[in-house]
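Q: One structure is given below, represented as structure tokens, and several questions about it will come after.
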Amino acid sequence: MPAIELLRELNSGLWRPFRAAYRARDAAAFLALHTLDLIRASGTNGTVHGLSEYAAQVEPWFAGLAARNDAVDITFRFTERVATVALASERGVYRIVVEPVGGDRLTFHGRFHTFARKVGEAWRIAVDYDTTDAGVVTAATFEAAAAIDDVERFAK
């Protein structure tokens, strides 16, 4: 399969559902996009753990956002995308926007590096590393990276 088609498949099978689950604050749908043997690392917090520990963080956070009716969104832009029919390594930057009811909009930027694998017919994140690198990743850094649909940039 050509690289462009693989990246489009990753977009539709992983990245778009990731964003949709995040926006919906749907922890079950979000966590289902990860492998059961997930390795999740945070450079910001200096932690590394598995899926159950990650779920213990994600579930109450999404539940709190939903209970307060706060909106949340995540957007990805890419600096590197390498994929085969069964494996992918992708790096880039993200922007998280939280809009609390009655509060000021909060925007966070960070860097990520994920490794995904095909499980059956579905793409799943097997390794997920991110860091906020305070002051390093800015709105300008985010805009300079490739948009999700700019797959031609990574075709080899």
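Q: Which is touching a strand residue (DSSP E or B) at 6+ places or on another chain (Cβ under 7 Å) and basic (K, R), of R25, R68, R16, R8? Step through it out loud before you land on a result.
A: Values: R68 fails: touching a strand residue (DSSP E or B) at 6+ places or on another chain (Cβ under 7 Å); R16 fails: touching a strand residue (DSSP E or B) at 6+ places or on another chain (Cβ under 7 Å); R8 fails: touching a strand residue (DSSP E or B) at 6+ places or on another chain (Cβ under 7 Å).
Just a single option satisfies the conditions, and that option is R25.
Q: Restricted to the stretch 14-47, and to residues that are under 18 Å from R77 (Cβ atoms) and aliphatic (A, V, I, L, M), which residue is farthest from the chain's Cα centre (by Cα)? Spell out how you get there, then give the answer.
A: Keep residues of the stretch 14-47 that are under 18 Å from R77 (Cβ atoms), which gives 14-20, 22-23.
Now drop any that are not aliphatic (A, V, I, L, M), which leaves 14, 20.
Working: L14: 9, A20: 11 Å.
Across the stretch 14-47, the extreme among qualifying residues is A20.
Q: So, in the stretch 112-133, of the ones that are free of Cβ contacts under 8 Å to residues at least 40 places away in the same chain and in a loop (DSSP other than H, G, I, E, B), which residue ends up nearest to R81 (Cα to Cα)? Before you say what the answer is, go through the steps one by one.
A: We begin by selecting, within the stretch 112-133, every residue free of Cβ contacts under 8 Å to residues at least 40 places away in the same chain; these are 112-115, 118, 120-121.
Those still in the list that are in a loop (DSSP other than H, G, I, E, B) too: 120-121.
On the way: G120: 21, E121: 20 Å.
Within the stretch 112-133, the match that is nearest to R81 (Cα to Cα) is E121.
Q: T114 versus (1) over 19 Å from G13 (Cβ atoms); (2) under 13 Å from the mean Cα position of the chain (by Cα): which is the lone unmet condition?
A: For T114, the exception is condition (1).
Q: Among the residues of the stretch 97-118, are any out of contact with any Lys or Arg (no Cβ under 6 Å at 6 or more places or on another chain), modelled with pLDDT of 95 or more, on the phi > 0 side of the Ramachandran plot and not aromatic (F, W, Y)?
A: Checked the stretch 97-118: no residue is out of contact with any Lys or Arg (no Cβ under 6 Å at 6 or more places or on another chain), modelled with pLDDT of 95 or more, on the phi > 0 side of the Ramachandran plot and not aromatic (F, W, Y).
Q: Filter the stretch 78-124 down to residues that are among the basic types (K, R) and touching a His at 6+ places or on another chain (Cβ under 7 Å), then give me how many there are.
A: Filtering the stretch 78-124 for residues among the basic types (K, R) gives 81, 91, 95, 105, 111, 117-118, 124.
Still in the running and touching a His at 6+ places or on another chain (Cβ under 7 Å): 91, 95, 124.
Matching residues across the stretch 78-124 total 3.
Q: Test D149 against the stated conditions and say whether it is loosely packed, with under 13 Cβ neighbours inside 10 Å, within 17 Å of the chain's Cα centre (by Cα) and in contact (Cβ under 8 Å) with a residue 40 or more places away in the chain.
A: Working: loosely packed, with under 13 Cβ neighbours inside 10 Å: yes; within 17 Å of the chain's Cα centre (by Cα): yes; in contact (Cβ under 8 Å) with a residue 40 or more places away in the chain: yes.
In short, yes.
Q: Next question, about the same structure. Hey, does the stretch 13-35 have a residue that's in contact (Cβ under 8 Å) with a residue 24 or more places away in the chain, assigned to a strand (DSSP E or B) and not small (G, A, S)?
A: The answer is yes, given that some residue of the stretch 13-35 is in contact (Cβ under 8 Å) with a residue 24 or more places away in the chain, assigned to a strand (DSSP E or B) and not small (G, A, S).
The values are calculated or read from the model by the stated rules, or taken from the named source; none is laboratory data. Source: prediction; values computed, not measured. With ideal geometry, Cβ positions are generated from the backbone for all residues, glycine too; neighbour counts draw on all protein chains shown.
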